[in-house]
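Below is one structure; the comments refer to it alone.
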Amino acid sequence: MRNFLSIIFSIFLLLTHLFGHQTQKPPLHGKNWMAITGKPLAATAGSMIFQKGGNAVDAACAMLAATCTMWDVLSWGGETQALIYNPKTGKVIGINALGIAPTGATPAFFKSKNLNYPPEYGPLAAVTPGTPGGLCTMLAEFGTLSLKEVLAPAIDMAKGYPIEAQTANSIERNKNMIKTWPYSKAIFLIHAG
């Protein structure tokens, strides 16, 4: 029995070695610039900005705008944090664009709605969006291109783009929740079933 277990374990180790390696992504090289995100369409937006002569902040803002335009875990109603290295001063600047709670979002307000705390979903869960302000702050203080130029790829995407399988699967998984919000249902569940 001990030899049998030893053989099974050896086979397991061999299979793990042969098939268990993590996917290796090739190293990326760039002579003058590089635009990297987890979303290829957003990386394309950054590349477009670099091609126009924009700097890294311009490209990062374009990538953020493109990602926020996609239906994803990020959105224009979301929050943004950024670290920007300023080569002129040699300092790193932090941008905190987390948004703030509306002035009326007090404990008394939520208790009046029979809630002990803000809900997980819906309009009462939201803070004032921080992303638009953070993006504008980054561009105003550290960018070189206009807001119009930086947002151009995202505006073009808003006219329609092929969504990723991950996004389609997320919509499918969350279909029942989406159905509870009439406007979301009208946008995301346009096909019967």
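Using the Cα gyration tensor of segment 83-164, with a ≥ b ≥ c the square roots of its eigenvalues, what is the shape: rounded (a/c below 1.5), prolate (a/b larger than b/c) or oblate (neither)?
Here segment 83-164 falls in the oblate category.
Between the listed residues THR67, ASN174, GLY77, the Cα displaced farthest toward the positive end of the dipole of the chain, a dipole computed from Cβ unit charges relative to the Cα centre, is found at ASN174.
Leaving out ligands, DNA and RNA, what percent of the accessible area of segment 103-193 is carbon and sulfur, probe 1.4 Å?
That share works out to 60 percent.
Calculated mean residue ellipticity at 222 nm for the chain: -14500 deg cm²/dmol, from DSSP H runs with n ≥ 4 weighted as -39500 (n - 2.57), summed, divided by the residue count and rounded to 500.
For the chain, the square roots of the Cα gyration tensor eigenvalues, ordered a ≥ b ≥ c, give a/c of at least 1.5 with a/b no greater than b/c, which places it in the oblate category.
Could you tell me whether segment 52-95 comes out rounded, prolate or oblate from its Cα gyration tensor? Rule is a ≥ b ≥ c as square roots of the eigenvalues, rounded for a/c under 1.5, then prolate if a/b exceeds b/c, otherwise oblate. Verdict is oblate for segment 52-95.
Scanning the chain for DSSP H helices at least 15 Å long along the axis (C-alpha atoms) with a Kyte-Doolittle mean no lower than 1.0 picks out 2-19, 56-69. Among 86-95, 137-146, sorting by the average number of other beta carbon atoms lying within 10 angstrom of each residue, highest first, gives 137-146, 86-95. Think of a 1.4 Å ball rolled over the protein heavy atoms: the chain then has 72 Å² of accessible area per residue.
About the Cα centre of the chain, what is the dipole size in debye to 20, counting +1 per Lys and Arg Cβ and -1 per Asp and Glu Cβ, all else neutral?
Its charge dipole is roughly 240 debye.
The values are calculated or read from the model by the stated rules, or taken from the named source; none is laboratory data. Quick caveat, the model's predicted, so the values are computed rather than measured. Cβ atoms come from the backbone with ideal geometry, glycine included; neighbour counts cover every protein chain shown. These area figures cover heavy atoms from the full protein model, side chains too; ligands, DNA and RNA do not enter into them. Shrake-Rupley method; radii C 1.70, N 1.55, O 1.52, S 1.80 Å.
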